[in-house]
Structure formats: structure tokens, C-alpha cells
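Q: Attaching a single structure in C-alpha cells format; questions to follow.
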Amino acid sequence: MPSPSDIKAGEAFVEIHTDNKRLEKGLKEASKKLKAWGQSVSAYGRRVMTSGLAVTAPMVAAAKVFASMGDTVHKMSKRTGVSAEALSELGFAAEQSGADLATVELGFRRMQATIRDAAQGLGSANASLDAIGVTIEQLAGLSPEEQFEKVADGIARIQDPSLRAAAAMDIFGRSGTMLLPLLENGAAGIQALRKQAQDLGLTISTEDAEAAATLTDSLNILWRVVKQGVFSIGAALAPALSDVAKLLASTIKKAVDWIKANRQLVASVFAIAAA
């Protein structure tokens, strides 16, 4: 017959066991809550990361476009002496007329060569200017874009389409015919298109073009350093990889030689495997 002390001990065991069950249940519930909280934090982190990428990716793309366009205009300005503002506006005008900025640059460079030759007394260059009714004195002291508009006025005055095309090619070279739609309304037509570019906010300032050129140069330096780093890694691995390549070549050659010497056996193994 159990003694009173045995009964109390049993009650204590039952109570402790019950408390353990409660504790385990509480821990499990707490674990579930912590897991759910962790998942919610992780999901929130993913959403933040996705949102960050959604914001930064277009910004990076915009920076690349800025660097590319601005750097192109900046370097073209250095080559031609035409301001970044004028080039960006003339690029728009050219595109609206079926040409592009590269054609404008070629035209400017050829026009400047013609004006230089005329100033030095070259007969053919003076004849080209005479054909459009413009003298070297009228062009002297003007900016390149003002000279361009002056020449455009002279070409626009020629009524015969064939003579007009010939005059454009004499002064602007091969790009002359591509520029004819831009030149046909003279300086007024060019200025109207440039004004439209200004109204649309398409003008690239000299400051922005210089900033874009600096960014492009910095990115180019960064890319060259990264490539040099990869090259250095390759140089460090080259001896080990060369040894591995030689070992593989030797091993493969031995295998090939063995196959050549045991063609019948290889064919038999293949037939058995296929069966």
C-alpha cells in the first residue's frame, strides 16, 4: 500500500511533467512566432532590396546615357570649335532633317577647311564660296556656327536643285547632300529648329558636357584597372594552369593511343552498353 510520501512524490512528478508539457508548448509557440517574424523581416528585406534596385537601376542607366551623350558632344566640340550648346541643338536639327550629329561634324570640318583654303587664296575654295554669293570677308570673325548659317543662306538662295547640291558638296564634302534638307531654308530654318531644341530642353550645356567627359574618363580608368586586375590573376595562375594543361594533354593522348590500339574492344563495349 503506497505511503503518504509516495503519493505526494507522485503528485509532484505529475505536476512537474505537466509543467514541462506547458513549457514545451510555450516554447513551440514562441518558436513559431519567432520563425514567422524572421520570415516577415526577410520578406521585407527582399522588398526593400527590390525597391532599391528598381530605383538605382534606372539611375545607373541614366548616368550611362549622360556620360555617353555628353562625352560625345564634348569631344566633338573640341574637334570643331563649336560650342556644346550649338552642337546639341544642331544635332537635333539634323535628325529632324534626316541626318545626324556625326554628319554635322563632318560638314563643319570640311566647311572650315574650305574657309581656310579660301583665306589662303586657294582658287577652288574661293570659287566654291563665290558660287553661293559669300565672300571670305563676310565669314571672317564669325563663330563656326555663325559661318554655318551664313553658308546655309547662300546655298538656300540657289534655285537650281542640281547646282544647289553641287555647291553643298563643294563646301561640305560628301556630307553636303545629307545636310541639304537642313540647309534648304537657310539660317532661319536652322535657327527655328535650334529654338525648338531649346524649348524641349535638349540643349547640352558646356558644363554638363565637361562633367560627362570627366565621368566617362573616370569609368574608363576604372574599367582598365579592373581588367588589369583580372590580367594579374591570370598571370599568377598561368604556370599552374600550363602544367595542368600539359598533364591533361598527355593523359588524353595516352587515352587516344589506347583507343586506337583497341578499337575492336571499344566497339564491343559500346555494343554491350547499348544492349
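Q: For residues that are of a type in the set (Ser, Thr, Tyr) and within 39 Å of the chain's Cα centre (by Cα), scanning just the stretch 101-154, find the one that is farthest from LEU193 (Cα to Cα).
A: Looking at the filtered set, the residue picked out is THR114.
Q: Given the options ALA236, ALA245, ALA209, name the one that is at pLDDT 85 or above, over 31 Å from the mean Cα position of the chain (by Cα) and open to solvent by less than 60 Å² (accessible area, probe 1.4 Å).
A: ALA245
Q: Can we say GLN191 is touching a residue at least 60 places away in the same chain (Cβ under 8 Å), open to solvent by 70 Å² or more (accessible area, probe 1.4 Å) and under 21 Å from GLN96 (Cβ atoms)?
A: Answer is no for this residue.
Q: Another question about this same structure. Tell me whether the stretch 214-231 contains one or more residues that are surrounded by 15 or more Cβ atoms within 10 Å (Cβ to Cβ) and either on the phi > 0 side of the Ramachandran plot or out of contact with any strand residue (DSSP E or B) (no Cβ under 7 Å at 6 or more places or on another chain) (or both).
A: Checked against the condition, which is being surrounded by 15 or more Cβ atoms within 10 Å (Cβ to Cβ) and either on the phi > 0 side of the Ramachandran plot or out of contact with any strand residue (DSSP E or B) (no Cβ under 7 Å at 6 or more places or on another chain) (or both), the stretch 214-231 yields at least one hit.
Q: Let me ask another. Report every pair of residues separated by at least 6 positions or lying on different chains whose Cβ atoms are under 7 Å apart, first residue within the stretch 152-177 and in contact (Cβ under 8 Å) with a residue 60 or more places away in the chain, second of a type in the set (A, V, I, L, M) and open to solvent by less than 70 Å² (accessible area, probe 1.4 Å).
A: Filtered contacts from the stretch 152-177: ILE171/MET111; ILE171/VAL151; PHE172/MET111; PHE172/LEU179; GLY176/ALA168.
Q: Restricting attention to the stretch 97-139, report how many residues are more than 13 Å from GLY154 (Cβ to Cβ) and in a loop (DSSP other than H, G, I, E, B).
A: 7
Residues checked against (1) closer than 14 Å to GLY176 by Cα; (2) open to solvent by less than 20 Å² (accessible area, probe 1.4 Å); (3) of a type in the set (Asp, Glu):
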{"position": "ALA86", "(1), (2), (3)": "no, yes, no"}
{"position": "LEU101", "(1), (2), (3)": "yes, no, no"}
{"position": "ARG116", "(1), (2), (3)": "no, no, no"}
{"position": "ALA125", "(1), (2), (3)": "no, yes, no"}
{"position": "GLY133", "(1), (2), (3)": "no, no, no"}
{"position": "PRO144", "(1), (2), (3)": "no, no, no"}
{"position": "VAL151", "(1), (2), (3)": "yes, yes, no"}
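Q: Let me ask something else. How many residues does the stretch 257-269 hold that are open to solvent by less than 60 Å² (accessible area, probe 1.4 Å) and assigned to a helix (DSSP H, G or I)?
A: 3
The values are calculated or read from the model by the stated rules, or taken from the named source; none is laboratory data. Note that the structure is a prediction, hence the values are computed from the model and not measured. Glycine gets a Cβ as well: all are built from the backbone with ideal geometry, and neighbour counts include every protein chain shown. To get the accessible areas, we keep the full protein, side chains included, count just its heavy atoms, and leave off ligands, DNA and RNA. Shrake-Rupley method; radii C 1.70, N 1.55, O 1.52, S 1.80 Å.
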